[in-house]
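**Q** Sharing a structure below in structure tokens format, with a few things to ask.
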Amino acid sequence: MGARARTTESGWWVALRALVTLVVVVVAYYVLPDDTEDTSFVLRAVVFALCVLGLAVMILFLITRDNRSSLPARAEGLLLTVVVSMVFFATVYYRLAQDDGQFSGLVTRTDGLYFTLVTTATVGYGDIIPSGQSARVVVMVNIVFNLVFLGAGVSVALDRIKQRRRGAAAAPDSAPGSALDSPADSSSGAPGKSAPGSDPDEPQA
């Protein structure tokens, strides 16, 4: 009972920590400065590529790390990876929209986050359109990233979580001695004694 209570408490703590981190990431997205006019195109492209690579490494680490990590910790990692990825692409879209001709219909930070969610969910309302070449390249990278890393990576991680839960549920059933201690047949009588009428030398009534 004590171990189970500690596990439940740990799960609640991980959930609270994930919620706080989620709020911090979203608030940071809205308050970060958006002045990138003094940054060269090459530098922005290099930073973008490094950030995408870093997110990919994070997801690969999440799905290949030691299976002994707790289920709440894995769920927290999945949630934060998805949130950070979406906020990152929303930031890129919003800053690209500051350049003339890159986006049609994307004006605010909320528009950037909205367009990222629409792209990730493959809904495609068509109200925000990437018009410029840089914007379309970023959208293509976002789609491939979602398919290869977010889609496949999260699927693999969830499958491992399910396998671990099934293994934990099956562990008590496979405990040694569980199938050996079967009760004796009531018709056999006490040990060392034969049932009445089973001895052929006993006279019959």
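**Q** Determine, yes or no, whether ASP99 is at pLDDT below 90 and either open to solvent by 80 Å² or more (accessible area, probe 1.4 Å) or of a type in the set (A, V, I, L, M) (or both).
**A** Details: at pLDDT below 90: yes; either open to solvent by 80 Å² or more (accessible area, probe 1.4 Å) or of a type in the set (A, V, I, L, M) (or both): no.
Considered against the rule, which asks whether it is at pLDDT below 90 and either open to solvent by 80 Å² or more (accessible area, probe 1.4 Å) or of a type in the set (A, V, I, L, M) (or both), ASP99 comes out as no.
**Q** Can you name the residue in the stretch 129-146 that is farther than 14 Å from LEU53 by Cα and open to solvent by 30 Å² or more (accessible area, probe 1.4 Å) and is also nearest to the chain's Cα centre (by Cα) among such residues? Don't jump to the end; show me each part of the working.
**A** We begin by selecting, within the stretch 129-146, every residue farther than 14 Å from LEU53 by Cα; these are 129-137, 139-140, 143.
Adding the requirement that they be open to solvent by 30 Å² or more (accessible area, probe 1.4 Å) leaves 129, 131, 133-134, 136-137, 140, 143.
Values: ILE129: 29, SER131: 33, GLN133: 32, SER134: 30, ARG136: 28, VAL137: 27, MET140: 23, ILE143: 18 Å.
It comes out as ILE143.
**Q** Could you tell me whether the stretch 46-55 includes any residue that is at pLDDT 85 or above and among the small types (Gly, Ala, Ser)?
**A** yes
**Q** Among the residues of the stretch 114-144, what is the count of those that are part of a helix (DSSP H, G or I), farther than 15 Å from ALA97 by Cβ and among the hydroxyl-bearing types (Ser, Thr, Tyr)?
**A** As a first pass, look at the stretch 114-144 and keep what is part of a helix (DSSP H, G or I): 114-120, 133-144.
If we keep only those that are farther than 15 Å from ALA97 by Cβ too, we end up with 117, 120, 140-141, 143-144.
Retained after the next criterion (residues that are among the hydroxyl-bearing types (Ser, Thr, Tyr)): 120.
Qualifying residue count, the stretch 114-144: 1.
The values are calculated or read from the model by the stated rules, or taken from the named source; none is laboratory data. From a predicted model like this one, the values you see are computed outputs, not experimental measurements. Cβ coordinates were reconstructed from backbone atoms using ideal geometry, including for glycine residues, and neighbour counts include every protein chain displayed. These area figures cover heavy atoms from the full protein model, side chains too; ligands, DNA and RNA do not enter into them. Shrake-Rupley method; radii C 1.70, N 1.55, O 1.52, S 1.80 Å.
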